[in-house]
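Asker: Encoded as structure tokens, here's the structure I'll be asking about.
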Amino acid sequence: MNAFSQFGGLNKELPIAITQNLNPLFTLRPYQVEAFARFLHCYKHDFPGKTYPLHLLYNMATGSGKTLIMAGLMLYLYQQGYRNFLFFVNSTNIIEKTKDNFLNLSATKYLFNQDITIENKRVSISSVSNFEGANPNNINICFTTIQKLHSDLTTLKENAITYEDFRKHKIVLIADEA
């Protein structure tokens with residue numbers, strides 16, 4: 001923890017979009033609250049050297065709850081108007097585990113509350129192959145590997161991510177195991 005946070009410079013009160021919509025079986029650990037608070041501070045405040053698009057990296061150990069933080073940030077960013085999330089990793093087996101954690105309500109590591117409500121509206125989470133026909137009321141997640149993403153962007157094919165998706169839609173890029 002740095003001095004800024006230690007001496008109260010960092011607001012650690014998390015938005016309801018995060019606290020009420022993550023799986024209540026997972027209690028946030030102090031360092032996870034700190035990670036959320038740092039993101040929120042960077043997102044909300046201007047400071048010298050801040051550029052857009054905003055790039056952040058969490059350097060956290062395996063098993064420390066990075067994916068739970070990613071889920072919480074998706075909820076918060078949804079509230080800020082983002083609907084489309086590109087989640088990419090370096091291997092297919094990580095994608096399958098992550099899909100289960102994000103989409104399968106009966107999975108032991110399901111990350112969200114049973115009912116997700118943001119600003120009094122029920123929100124669903126959808127897995128999509130691209131963002132062209134994505135539901136603007138959902139959290140739309142395209143799960144892929146970095147290799148498949150490269151292939152999709154360089155070889156035109158049906159139902160794949162294209163450069164046009166990035167021109168037409170606001171998309172949050174999330175890389176796990178970077």
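Asker: Would you mention how many residues in the stretch 15-30 are in contact (Cβ under 8 Å) with a residue 40 or more places away in the chain and more than 13 Å from GLU119 (Cα to Cα)?
Answerer: Adding up the residues that qualify gives 5.
Asker: Please verify whether SER64 is hydroxyl-bearing (Ser, Thr, Tyr) and either within 27 Å of GLU132 (Cα to Cα) or open to solvent by 20 Å² or more (accessible area, probe 1.4 Å) (or both), treating the condition exactly as stated.
Answerer: Answer is no for this residue.
Asker: Are there any helices (runs of 4 or more DSSP H) wholly within the stretch 1-71 with 2 or more residues that are modelled with pLDDT under 95, and if so which?
Answerer: Hits in the stretch 1-71: 3-6, 30-44.
Asker: In the stretch 131-165, how many are farther than 19 Å from THR92 by Cα and of a type in the set (Val, Ile, Thr)?
Answerer: 4
Asker: What number of residues in the stretch 52-90 are of a type in the set (S, T, N, Q) and in contact (Cβ under 8 Å) with a residue 60 or more places away in the chain?
Answerer: Counting residues in the stretch 52-90 that are of a type in the set (S, T, N, Q) and in contact (Cβ under 8 Å) with a residue 60 or more places away in the chain gives 4.
Asker: Select from the stretch 30-59 the residues that are charged (D, E, K, R) and in contact with a Ser or Thr (Cβ under 8 Å, 6 or more places away or on another chain) and write down the one among them that is farthest from LYS109 (Cα to Cα).
Answerer: ARG38
Asker: Do you know which residues across the stretch 72-89 are buried (at least 19 other Cβ atoms within 10 Å of the Cβ) and in a loop (DSSP other than H, G, I, E, B)?
Answerer: ARG83
Asker: On the basis of being aliphatic (A, V, I, L, M) and part of a strand (DSSP E or B), does ILE161 make the cut?
Answerer: Considered against the rule, which asks whether it is aliphatic (A, V, I, L, M) and part of a strand (DSSP E or B), ILE161 comes out as no.
The values are calculated or read from the model by the stated rules, or taken from the named source; none is laboratory data. Bear in mind the structure is a predicted one, so any value in this text is a computation, not a measurement. Here Cβ is always computed from backbone atoms with ideal geometry, including for glycine, and neighbour counts include all displayed protein chains. The area values use the complete protein model at the heavy-atom level, side chains included, leaving out ligands, DNA and RNA. Shrake-Rupley method; radii C 1.70, N 1.55, O 1.52, S 1.80 Å.
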